[in-house]
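Asker: After the structure tokens below, expect a handful of questions from me.
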Amino acid sequence: MKRQIGQVFTPIKWAEWLINKWNIFDAWLDGAHICDPTAGQGAFVLTMLHIARSRGIPITTERLSRLTLIEIVPSHLDQFRKNVQQEFGVDFPTSQIFCQDIITETHTQQYDILIGNPPWANFGDLPTAYKTEIKPYFVQEGLVSDTQRTLLGSSRVDIAALVLKVVLGKLLRKNGLGFFYLPTSLFFGDGAHNGFRNYNADLRNFAVDTVYEFTSIKVFDGVNTAYCCAKFQGDTQQKFPVTYFKELDRNWVEHKALPLKNPADPWRIVQNLDELKAGATLEIRLTSEQKPRQGVNTCGANSVFIFDHKPSHLPQGFLYPLASKEMWRQNVLSPHKWILLPYHREIGKPLTWDQIKKYDALRNYLQRYQDQLQARKGTMLRASMNRGSWWAMLGVGPYSFAPFKVIWQAYGKNQFNPIILSSVDGQMWQGNQAMHAFIPCWCEDDAHRIKTALENPEIPILLRQLNGAGKCNWAQPGKIKKMLSFDEVEK
């Protein structure tokens, strides 16, 4: 349901932390107009009132008139009103409460300070109807170049990026300030958040001033996403380095953040600017077919396509060894898993149903799971399924069937260890979804050359500076491609 999208409530303790960290309460006393544009049940405004009471400062009508809440869920605002009445014995002015979708509905007022915690959800995870409704706004705010991009890699754009673009561009008074809890992917996500990092909203510049990244401290229970608290300055040109604090054993250690190469690139984090010499551009000659790739994505059908043991009842020509963690842990290059790919290996496209019918066991097996496979979601997958290939997957192409792969663990690691995989009984190794990334090779010497180039010790140093250690984007294909200088030659 649209009204519950990406909902992550801020505990009062951490609303107070943000307010005290940035002296927002004192700014309010000095006359600042403050708005929470995605207020939920009003934790930030309630906290302002708690602080006032603890300091013995009267909660006057005039002061309340400078606190505004905007929230899409009516029941949240009702609960906020009740809480204010019960805790403080005052009726919060209805003129300062707006039940709106800040993305799609116009809000005409502007404020000196914006505070809050925008919803966290990738575009691709939104309900279909709401995706259709807000897709044009991603284009309008410069997050993607056209609506088709939201169907590709940019489906990972977080709705928090869109909310920030809207409120910084439209709700902030000239030279105003914004303070928000955010997913760190806005600063480190490759590709999906380049559009956020143009630092422009509604033809107005904005700058990220300071960031505090939480690591061991849990601000939000049950949230696995990496997150931070950031200060934004309106109508200001972005300058680097940005002051960036990382939490270490509950202490804040100051670092500096700079883009990898171009201004819109993901940030890299260093304590000393001398560290920037690490990760100088690495030259590597690759053909146009050899850009780094992610593994096969079954789109939620692992139980259908992936096996712990090679099944004897299926045609052996469509069963391929699947990379697994044991290969790096045990240094044994023998299959622990297998994947069924009903694909034409020369062209990397799904078999037609007429081709599948030539193999009774394959046809019967797929038909057994037809309902499950046809129920899978995802715009790109649906496009293939609508052409009749309901057994299709993502991340499969001619590159999947290259006889050699230089492959590495791309997800949740802090070590970069590329290895070479060749075929097993004529069947090519496959990467497993986002867990692995690889460069396809068509001859063994080429694979060894590329592996040697990727063993440059500066690569893991740079990956750590790009803040991916232990995270889902540790060494994903887009990040590796950006690090390397590809001298593309025809194969």
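Any read-out appearing in this document is the output of simple, stated calculations on the displayed coordinates, not a laboratory observation. On a predicted model such as this, the values are computed, not experimentally measured, just so you know. For neighbour counting, all protein chains shown are included, and Cβ atoms are generated from backbone atoms with ideal geometry for every residue, glycine included.
Asker: For helix 128-140, what angle does its Cα long axis make with the longest principal axis of the chain, in degrees from 0 to 90 and rounded to 10?
Answerer: 80 degrees
Asker: Sorted by mean Cβ packing within 10 Å, highest first, what order do the peptides 108-115, 407-414, 95-102, 345-352 take?
Answerer: 407-414, 108-115, 95-102, 345-352
Asker: How do 220-233, 32-45 rank on mean C-beta neighbours within 10 Å, highest first?
Answerer: 32-45, 220-233
Asker: With both partners inside the chain, how many of the DSSP beta bridges are antiparallel, as a percent to the nearest 5? If you can, show how the numbers build up before the last one.
Answerer: Numbers: 50 of 75 bridges.
Within the chain, antiparallel bridges account for around 65 percent of the total.
Asker: So if I take the centroid of the Cα atoms in the stretch 79-149 and the same for the stretch 40-77, what is the distance between those two points in Å?
Answerer: With the stretch 79-149 and the stretch 40-77 each reduced to a Cα centre, they are spaced 17 Å.
Asker: Could you tell me how many degrees, from 0 to 90 and to the nearest 10, lie between the Cα long axis of helix 74-88 and the main elongation axis, the longest principal axis, of the Cα atoms of the chain?
Answerer: 40 degrees
Asker: Here is a follow-up. Label points 7 Å out from Cα along the Cβ direction at Arg329 and Glu254: separation in nm?
Answerer: 4.3 nm
Asker: If you don't mind, there's one more thing I want to ask. Tabulate in residue order the Karplus-calculated ³J(HN,Hα) for the stretch 289-302, using 6.51 cos²θ - 1.76 cosθ + 1.60 with θ = phi - 60°, rounded to whole Hz; enter x for Gly and Pro.
Answerer: 7, 9, 5, x, 10, 8, x, 5, 10, 6, 6, x, 10, 4
Asker: Next question, about the same structure. Near Trp338, within a Cβ-to-Cβ distance under 13 Å, what is the net charge of the other residues, with Lys and Arg +1 and Asp and Glu -1?
Answerer: For residues surrounding Trp338, the net value is 0.
Asker: Take the cross-link list Lys218/Lys413; Lys451/Lys471; Lys261/Lys471; Lys174/Lys231; Lys170/Lys239; Lys246/Lys479 and give me the ones stretching past 19 Å between alpha-carbons.
Answerer: Lys218/Lys413; Lys451/Lys471; Lys261/Lys471; Lys170/Lys239; Lys246/Lys479
Asker: While we're looking at this one, here's another question. How far is it, in nm, from the label point at Arg363 to the one at Thr60 when both lie 7 Å from their Cα along the line to the Cβ?
Answerer: Roughly 8.4 nm, to one decimal.
Asker: I would also like to ask the following. I need Leu484, Leu333 ordered by Cβ neighbour count within 10 Å, fewest first.
Answerer: With the sparsest Cβ surroundings first, the list reads Leu333, Leu484.
Asker: Once you put a point 7 Å from the Cα of Arg387 and another 7 Å from the Cα of Leu273, both along the Cβ direction, what distance in nm separates them?
Answerer: 5.1 nm
Asker: Now, a different point. Output the 0 to 90 degree angle, nearest 10, between the alpha-carbon long axis of helix 12-21 and the longest principal axis computed from the alpha carbons of the chain.
Answerer: With both axes taken from Cα atoms, the answer is about 80 degrees.
Asker: Can you tell me the relative contact order of the stretch 287-489? Whole percent, Cα pairs under 8 Å, sequence separation 6 or more.
Answerer: 28 percent
Asker: Please list, ordered by chain and number, the residues whose modelled amide H lies under 5 Å from the amide H of His344; skip anything fewer than 5 residues away on the same chain.
Answerer: Lys349, Leu351
Asker: Can you list the residues, at least 5 places off or on another chain, whose amide H is less than 5 Å from the amide H of Lys337, using H built in the peptide plane?
Answerer: Under 5 Å from the amide H of Lys337: Leu322.
Asker: How long is the gain from Asn20 to Asn175 if the chain were fully straight, where each residue apart is worth 0.36 nm and the alpha carbon distance is subtracted? Mind dumping the intermediate values first?
Answerer: Details: separation 155, 0.36 × 155 = 55.80 nm, distance 2.07 nm.
That pair, Asn20 and Asn175, stretches by 53.7 nm at full extension.
Asker: For Met327, Met380, Met48, which order do you get if you count the other beta carbons within 10 Å of each Cβ and list the fewest first?
Answerer: Ascending Cβ contact count within 10 Å gives the list Met380, Met327, Met48.
Asker: Rounded to the nearest 500, what is the 222 nm mean residue ellipticity of the chain from helices alone, with -39500 (n - 2.57) per DSSP H run of 4+ residues and division by all residues?
Answerer: Here the helix-only value at 222 nm equals -7500 deg cm²/dmol.
Asker: Right, next: Would you please give the FRET efficiency between Thr352 and Gln374, computed as 1/(1 + (r/R0)^6) with r the Cβ-Cβ distance and R0 = 25 Å, to the nearest 0.05?
Answerer: So, using R0 = 25 Å, E works out to roughly 0.90.
Asker: The chain: D in µm²/s via Stokes-Einstein (Kirkwood Rh, Cα pairs, 20 °C, 1.002 mPa s)?
Answerer: Result for D is 86 µm²/s.
Asker: A further question on this structure: Counting each pair of different Cα atoms once, what's the Kirkwood radius of the stretch 287-489 in Å, rounded to one decimal?
Answerer: Taking every pair of different Cα atoms in the stretch 287-489, averaging 1/r and inverting gives 17.7 Å.
Asker: Taking other Cβ within 10 Å of each residue's Cβ, how do His76, His313 sort, fewest first?
Answerer: His313, His76
Asker: Please give the Cα centre distance for the stretch 310-365 versus the stretch 369-441, rounded to the nearest Å.
Answerer: 11 Å
Asker: Which semi-axes, in whole Å and largest first, does the equivalent ellipsoid of the stretch 155-212 have when worked out from the alpha carbon gyration tensor as the square roots of 5 times its eigenvalues?
Answerer: Whole-Å semi-axes of the equivalent ellipsoid: 18, 13, 10.
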